[in-house]
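Engineer: Starting off with a structure, shown below.
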Amino acid sequence: MSPKSIVEKIWEAHVVEQLSGHPAVLAVDLMLIHEVTSAQAFQTLADKGLEVADPSRMLATLDHSIPTRKNRFEIFDADAKNQVETLRRNCNRHGIPLCEMDSGTQGVVHVVGPEQGLTQPGMVIVCGDSHTATHGAFGALAFGIGTSEVGHVLATGCLLQQKPKIMSVEFKGRLRKGVYAKDAILKLIAQIGVSGANGYVIEYCGEAVRHFSMEERMTICNMSIECGGRAGLFGPDSTTLEYLRGRTRVPKGAEWERAVEYWRSFVSDPGCAYDRSVVVDLDQLKPMVTWGTTPGQGCDIGSKIPSLASFPAAEQASVKRALEYMGLNEGEAIAETPIDWAFVGSCTNGRIEDLRAAAQVLKGRKVHKNVTMYVVPGSEAVMKQAQEEGLDRVFVEAGADFRMPGCSMCLAMNDDKVPEGKRCVSSSNRNFMGRQGPGSRTHLASPATVAASAVEGRIVSPEKYL
Amino acid sequence: MEKFTKLTARAVPLPLNDVDTDMILPAQFLTSTSREGFGEKLFRRLRDTDASFPLNQEKFSDGQILIGGRNFGCGSSREHAVWAIAGGGFKAVIAKSFADIFYNNSAKNGLLLVTLADAVIDRVLADAHSGQYEVTVDLEKQTVNLPDGSAFSFDYDPFRKHCMLNGLDDIDYILSHKSKIDQFRRQQDNNRFFSTLGN
């Protein structure tokens, strides 16, 4: 038998039907649901007189539209309030469990799945959200879908899919102090471009990945979509199993042993084929930051913004437009650029390790007087853990705002926005024009870089603070 | 789903690469629970900040074919972006390349996405500027005809083509395999190690 990659193994284990010339009917194990991309799908079910096929394969949460202030039950925006209430109603009507606020389980959709132990190796996981790739950290084939497809999965538990091409991304070497998984994925995106992995699922491999924690793997998988990859995944190993052991939704005793044996089968065979291979060198990697308006427009903090002439002619207009929007000039240093806002949070970097990294920099220091800093835990469980470790006090004593869990200012569809013309260093995933609010300027970076920059009031490397 | 067969309409050039879903429809407009009403929000932020933006120009007001650059529709999975483009009166987008999720979402809404060679797109982007540029897209023949008489064929997945030409929804196709799905679930139950329900 020819050697197979993990993606092929998961694919083959989930094809229900594959007629010649048609896409496959692919079985979905788990669908995660949030308030923004589900209402119209539930409406489709109602219009067609269909029921939810299997509520025990669904989990819903509230994250995108909700406020992150203390009294978050009161939503002032009428549409956002309606959206949240619509999800509550739909979950209630169809018997789908909802991670309700203050239940101890609420949080950003890609944080709550893994922490409950629902994200497991070998699964197909979908959500109406492009950052669903996050769950690939566990060796699951996880990808974002549109609302029509959310409806298909609600009603049938299945999707129509074409078999993806597979790209291997080999990380070589080790991350140095002050350099994080976020820097590694920003480097990959800068290297292959924002459409470099279009049409591919990425398998992250190489000796280096075995040293990555689950949180680091989630950060890397999360941003696979920013280089065009619908999904990105890591083969499961002992780190994966240790993370899963004892979590709420993971089996115990003999059933755990049986699960482990099954999960361990989902690793790539030596010598399996890839449609494309890329290598990223971590040994030379330095803390990264974006200077433009796509996640691929990034560089190491110590280097200069590239000149327009260094881009192909067809790219130059887009780059010029990006620099104008960002209020930056070609060929200038990116370091020392003054900032107004700092954000630690999101499905990319809102987990406990991320908060620890930011707290390590902020401990005993103050956020610069010109900077407003939000620290938003990815979930209620992360918030509780941070409080138990005293991280919340570190943030508050530094002058940062430690808020309630949610997507917050990652995407400017709730109360948390970066004001027009203001510059934010952010641990989130997208620096598109207006992403954090109309006219906002976003620089993507690791939580440690965000914290160090918040202290100095300008973009700086965190290396000297660690 | 609305059918797509053949269309001759004014082309509206959008000479940008990496047009992202936040540009197409900013997140502030995502709180609606309907599929309707997104057309007037299409490219809202660009329209509000740039008077020369094509969608602000009268000469393009009846355009139904959008011309884009590379990696059109990148970013979020929001199908609202497709609803906004369709709501804005567009039936087709012709570009150098598209992001994957956006491509899937468009096919589910009868919005035809066509990929042509970079050099052809660059020419169309330049010529369509006049506002007097009508393009014909024929899905049955898989061809695009330009005003100068030139014609280009494009690739299109045969299954998707069948669905687009006939206005068929995926959900009915999947439901037609229900007994196979039920059988698959029974066989696979032994390898299921989770439930979202219960304690």
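The values are calculated or read from the model by the stated rules, or taken from the named source; none is laboratory data. Please read these numbers as outputs of a predicted model, since none were measured by experiment. Cβ: placed from backbone, ideal geometry, glycine included. Neighbour counts: every protein chain shown. The accessibility values were calculated without ligands, DNA or RNA, using every heavy atom of the protein model including side chains. Shrake-Rupley method; radii C 1.70, N 1.55, O 1.52, S 1.80 Å.
Engineer: Take the stretch A:417-439 and flag every residue that is more than 14 Å from A:Asp340 (Cβ to Cβ) and either acidic (Asp, Glu) or in contact (Cβ under 8 Å) with a residue 60 or more places away in the chain (or both).
Structural biologist: A:Ser427, A:Ser428, A:Asn429, A:Arg430, A:Asn431, A:Phe432, A:Met433
Engineer: Further, regarding this structure: Select from the stretch A:267-319 the residues that are of a type in the set (Gly, Ala, Ser) and outside any loop (DSSP other than H, G, I, E, B) and write down the one among them that is surrounded by the most Cβ atoms within 10 Å (Cβ to Cβ).
Structural biologist: Only one residue tops the list, namely A:Gly298.
Engineer: Does A:Ser461 satisfy being among the hydroxyl-bearing types (Ser, Thr, Tyr), open to solvent by 10 Å² or more (accessible area, probe 1.4 Å) and out of contact with any helix residue (DSSP H, G or I) (no Cβ under 6 Å at 6 or more places or on another chain)?
Structural biologist: Criteria met by A:Ser461.
Engineer: Please find, within the stretch B:45-80, the residue that is farthest from the other protein chains (Cβ to nearest Cβ) out of those that are open to solvent by 20 Å² or more (accessible area, probe 1.4 Å), of a type outside the set (A, V, I, L, M) and in contact with a Phe, Trp or Tyr (Cβ under 7 Å, 6 or more places away or on another chain).
Structural biologist: Among those residues, the one meeting the criterion is B:Gln64.
Engineer: Looking at (1) open to solvent by less than 10 Å² (accessible area, probe 1.4 Å); (2) in contact with a helix residue (DSSP H, G or I) (Cβ under 7 Å, 6 or more places away or on another chain); (3) within 30 Å of A:Gln284 (Cβ to Cβ), which is the only condition A:Asp183 fails?
Structural biologist: (2)
Engineer: List the number of the failed condition for A:Thr132; all other conditions in (1) part of a loop (DSSP other than H, G, I, E, B); (2) within 11 Å of chain B (Cβ to nearest Cβ); (3) in contact (Cβ under 8 Å) with a residue 12 or more places away in the chain hold.
Structural biologist: Among (1) part of a loop (DSSP other than H, G, I, E, B); (2) within 11 Å of chain B (Cβ to nearest Cβ); (3) in contact (Cβ under 8 Å) with a residue 12 or more places away in the chain, the lone unmet condition for A:Thr132 is (1).
Engineer: Suppose we filter A:Glu324, A:Glu336 for residues that are part of a loop (DSSP other than H, G, I, E, B) and either outside the structural domain of A:Leu175 (by TED's automatic domain parsing) or at pLDDT below 95 (or both); which single one remains?
Structural biologist: Only one candidate qualifies: A:Glu336.
Engineer: Of all residues being open to solvent by less than 10 Å² (accessible area, probe 1.4 Å) and more than 8 Å from chain A (Cβ to nearest Cβ) in the stretch B:19-33, which is nearest to B:Ala95 (Cα to Cα)? Just the residue, please.
Structural biologist: This residue is B:Val19.
Engineer: Turning to a different aspect of this structure: So, in the stretch B:39-57, how many residues would count as being farther than 18 Å from A:Gly434 by Cα and in contact with a helix residue (DSSP H, G or I) (Cβ under 7 Å, 6 or more places away or on another chain)?
Structural biologist: 4
Engineer: Does B:Thr136 fit the bill of being among the β-branched types (Val, Ile, Thr) and open to solvent by 10 Å² or more (accessible area, probe 1.4 Å)?
Structural biologist: Spelling it out, B:Thr136 is indeed among the β-branched types (Val, Ile, Thr) and open to solvent by 10 Å² or more (accessible area, probe 1.4 Å).
Engineer: Of the numbered conditions (1) within 28 Å of A:Gly95 (Cα to Cα); (2) touching an Asp or Glu at 6+ places or on another chain (Cβ under 9 Å), A:Glu51 satisfies every one except a single condition; which is it?
Structural biologist: Just one mismatch for A:Glu51, condition (2).
Engineer: Scan the stretch A:284-315 residue by residue and report those that are farther than 27 Å from B:Phe72 by Cα and more than 24 Å from the chain's Cα centre (by Cα).
Structural biologist: Answer for the stretch A:284-315, where residues must be farther than 27 Å from B:Phe72 by Cα and more than 24 Å from the chain's Cα centre (by Cα): A:Gln284, A:Gly302, A:Ser303, A:Lys304.
Engineer: Between a first residue in the stretch A:371-391 that is assigned by TED's automatic domain parsing to the domain that holds A:Ala357 and a second residue that is of a type in the set (S, T, N, Q), which pairs have beta carbons less than 6 Å apart while being 6 or more apart in sequence or on different chains?
Structural biologist: That search, which allows pairs on different chains as well, returns A:Val376/A:Thr68; A:Val376/A:Ser408; A:Glu380/A:Gln106.
Engineer: Just to be sure I understand, how many residues within the stretch A:144-156 are under 25 Å from A:Met214 (Cβ atoms) and more than 8 Å from every other protein chain (Cβ to nearest Cβ)?
Structural biologist: 0
Engineer: Filter the stretch A:216-266 down to the residues that are part of a helix (DSSP H, G or I) and acidic (Asp, Glu), then identify the one that is surrounded by the fewest Cβ atoms within 10 Å (Cβ to Cβ).
Structural biologist: If we take residues in the stretch A:216-266 being part of a helix (DSSP H, G or I) and acidic (Asp, Glu), then A:Glu261 is surrounded by the fewest Cβ atoms within 10 Å (Cβ to Cβ).
Engineer: Here is a follow-up. So which of A:Glu380, A:Glu353 ends up being acidic (Asp, Glu), over 11 Å from A:Val108 (Cα atoms), at pLDDT 95 or above and surrounded by fewer than 24 Cβ atoms within 10 Å (Cβ to Cβ)?
Structural biologist: A:Glu353
Engineer: So, in the stretch B:102-133, of the ones that are of a type in the set (S, T, N, Q) and within 28 Å of B:Asn56 (Cβ to Cβ), which residue ends up most open to solvent (accessible area, probe 1.4 Å)?
Structural biologist: That would be B:Gln132.
Engineer: Right, here's the next one. Just name the residue that is surrounded by the fewest Cβ atoms within 10 Å (Cβ to Cβ) out of those in the stretch A:383-399 that are more than 23 Å from the chain's Cα centre (by Cα) and closer than 21 Å to A:Arg458 by Cβ.
Structural biologist: A:Gly399
Engineer: Considering only the stretch B:139-157, state which residues are of a type in the set (A, V, I, L, M) and crowded, with 16+ Cβ neighbours inside 10 Å.
Structural biologist: Across the stretch B:139-157, the qualifying residues are B:Leu139, B:Val144, B:Leu146.
Engineer: Can you pull out the residues in the stretch B:7-18 that are more than 11 Å from chain A (Cβ to nearest Cβ) and open to solvent by 20 Å² or more (accessible area, probe 1.4 Å)?
Structural biologist: B:Leu7, B:Thr8, B:Arg10
Engineer: Against the definition (surrounded by fewer than 23 Cβ atoms within 10 Å (Cβ to Cβ) and not assigned by TED's automatic domain parsing to the domain that holds A:Gly117), how does A:Asp416 come out, yes or no?
Structural biologist: Criteria not met by A:Asp416.
Engineer: Of the residues B:Arg160, B:Arg186, B:Arg192, which is over 17 Å from B:Gly110 (Cβ atoms), open to solvent by less than 60 Å² (accessible area, probe 1.4 Å), within 13 Å of chain A (Cβ to nearest Cβ) and charged (D, E, K, R)?
Structural biologist: Exactly one of B:Arg160, B:Arg186, B:Arg192 is over 17 Å from B:Gly110 (Cβ atoms), open to solvent by less than 60 Å² (accessible area, probe 1.4 Å), within 13 Å of chain A (Cβ to nearest Cβ) and charged (D, E, K, R), namely B:Arg192.
Engineer: Right, something else. Hey, could you check the stretch A:157-189 for residues that are aliphatic (A, V, I, L, M) and under 21 Å from A:Ser346 (Cα atoms) and say which is nearest to the other protein chains (Cβ to nearest Cβ)?
Structural biologist: For the stretch A:157-189, the residue satisfying everything is A:Ile189.
Engineer: When you go through A:Val16, A:Val52 one by one, which is the residue that is assigned by TED's automatic domain parsing to the domain that holds A:Ile145 and touching a Phe, Trp or Tyr at 6+ places or on another chain (Cβ under 6 Å)?
Structural biologist: One residue alone meets the criteria, A:Val16.
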